[in-house]
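Scroll down for the structure; my scribbles are underneath it.
The values are calculated or read from the model by the stated rules, or taken from the named source; none is laboratory data. Since we're looking at a predicted model, the values are computed, not measured. Don't worry about glycine lacking a Cβ; one is built from the backbone with ideal geometry, like all the others, and counts go over all protein chains shown.
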Amino acid sequence: MREAKQSGTTIELKRGDIANQPDVDAVVNAANAELRIGGGVAGAIHRAAGPELTEQTRSMAPIEPGEAVISGGHNLPNNYIIHCLGPVYGRDKPEEKLLANCYSNALDLAEDHQIESIAFPAISTGAFGYPMKDAARVAFQTVLEQVGDLEYVSLIRFVLWSEGDIAVHEDVIEEVFG
Ligand code: AR6
C-alpha cells in the first residue's frame, strides 16, 4: 500500500526528489551536524534553496544526532526546511532511538509552526548506512505513536529515491498501519 490514514492524517509514499515537493509546507533535510551543503538530500536541498540557507543555518550549528532545527525555505517552494541529523549506523547509539528522535522532533517542530503538510526523506539510509527496512520501521512506528497528538499536520509524505526503496516502504507501511 502507498497510503495510510490514521487519526485524520494521511501518510503517503512518493518516488521523487525531496527538493521538488512544491505542494507541501515543509521539507525535511537529512542534514550534517554543521548544517552545510553535503551529498544526497543535503546537497539537493542546499543547491535548490540557495546560499542564504547556509547563512541562516550557520548560527544553529552544530546539532546532535536525533536533533531537529527549522529554517526558512529560501528559494525552495516550501515555507520551511526542518533539518534533522540522523545517526551514523554502527556509530551513534542507540541508533533506533536517535532515528526515532529525528522524526519525533521534526513533527514537534512542525506542530509548533502550525505546519499542515511535511515531506521526509529516508533519513540516515544513504551516506549514514542505516538499513532501509529497519529505518522505515522506525519512521512509521514513530509516526504511529505521535499521529494521535497532531493538531495541524494532516499530510506526512515519505519521498523515496528509487522504486526499490518504495517497495520496501510499501511492505513496512502495511506492516505498521495495515
Ligand atoms: N530526494 C530524496 N531522496 C534522496 C535524494 C533526493 N534528492 N538524494 C538522495 N536521497 P543521504 P543520510 C535518498 O545520504 O544517510 C550528506 O552528505 C538516498 O538514496 O542524503 O542521512 C549529509 O551532508 C537515501 O535513501 O542522508 C550528511 O553528512 C536517503 O535519501 C549525510 O549525507 C538519505 O541519504 C547524511 O546521510
**Fill in**
Of the residues in the stretch 66-106, those that are under 21 Å from Gln56 (Cα atoms) and more than 16 Å from the ligand (Cβ to nearest atom) come to Ile70, Gly72, His74, Asn79, Tyr80
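Out of the residues in the stretch 1-13 meeting the condition of being assigned to a strand (DSSP E or B) and of a type in the set (Ser, Thr, Tyr), tell me which one is nearest to the ligand (Cβ to nearest atom). Outline the logic, then answer.
At the first step, the residues of the stretch 1-13 found to be assigned to a strand (DSSP E or B) are 3-6, 9-13.
Adding the requirement that they be of a type in the set (Ser, Thr, Tyr) leaves 9-10.
On the way: Thr9: 21, Thr10: 19 Å.
Filtering the stretch 1-13 for residues that are assigned to a strand (DSSP E or B) and of a type in the set (Ser, Thr, Tyr), the one nearest to the ligand (Cβ to nearest atom) comes out as Thr10.
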**Pair list, Cβ < 8 Å and 6+ apart or interchain, from the stretch 35-53 residues that are of a type in the set (Asp, Glu) to residues that are modelled with pLDDT of 95 or more and assigned to a loop (DSSP other than H, G, I, E, B)** = Glu52/His74; Glu52/Asn75
**Message:** Can you go through Ala139, Ala68, Ala127, Ala110 and tell me which one is under 14 Å from Val28 (Cα atoms), of a type in the set (Gly, Ala, Ser) and touching a residue at least 60 places away in the same chain (Cβ under 8 Å)?
**Reply:** Ala110
**Complete:** If you go through Ala26, Ala61, Ala31, Ala49, the only one that is at pLDDT 95 or above, near the ligand (Cβ under 9 Å from one of its atoms) and not basic (Lys, Arg) is Ala31
**Criterion violated by Gly16 - all others in (1) near the ligand (Cβ under 10 Å from one of its atoms); (2) touching a Gly at 6+ places or on another chain (Cβ under 9 Å) satisfied** = (2)
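Does Asp134 qualify as being assigned to a helix (DSSP H, G or I), at pLDDT 95 or above and of a type in the set (Asp, Glu)? Steps first, please.
Details: assigned to a helix (DSSP H, G or I): yes; at pLDDT 95 or above: yes; of a type in the set (Asp, Glu): yes.
Yes.
Suppose the filter is of a type in the set (A, V, I, L, M) and either away from the ligand (no atom under 12 Å from the Cβ) or surrounded by fewer than 17 Cβ atoms within 10 Å (Cβ to Cβ) (or both); does Ile123 pass it? Outline the logic, then answer.
Details: of a type in the set (A, V, I, L, M): yes; either away from the ligand (no atom under 12 Å from the Cβ) or surrounded by fewer than 17 Cβ atoms within 10 Å (Cβ to Cβ) (or both): no.
Considered against the rule, which asks whether it is of a type in the set (A, V, I, L, M) and either away from the ligand (no atom under 12 Å from the Cβ) or surrounded by fewer than 17 Cβ atoms within 10 Å (Cβ to Cβ) (or both), Ile123 comes out as no.
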**Asked** Does Thr142 satisfy the condition of being in contact with a Phe, Trp or Tyr (Cβ under 9 Å, 6 or more places away or on another chain), away from the ligand (no atom under 15 Å from the Cβ) and of a type in the set (Ser, Thr, Tyr)?
**Response** yes
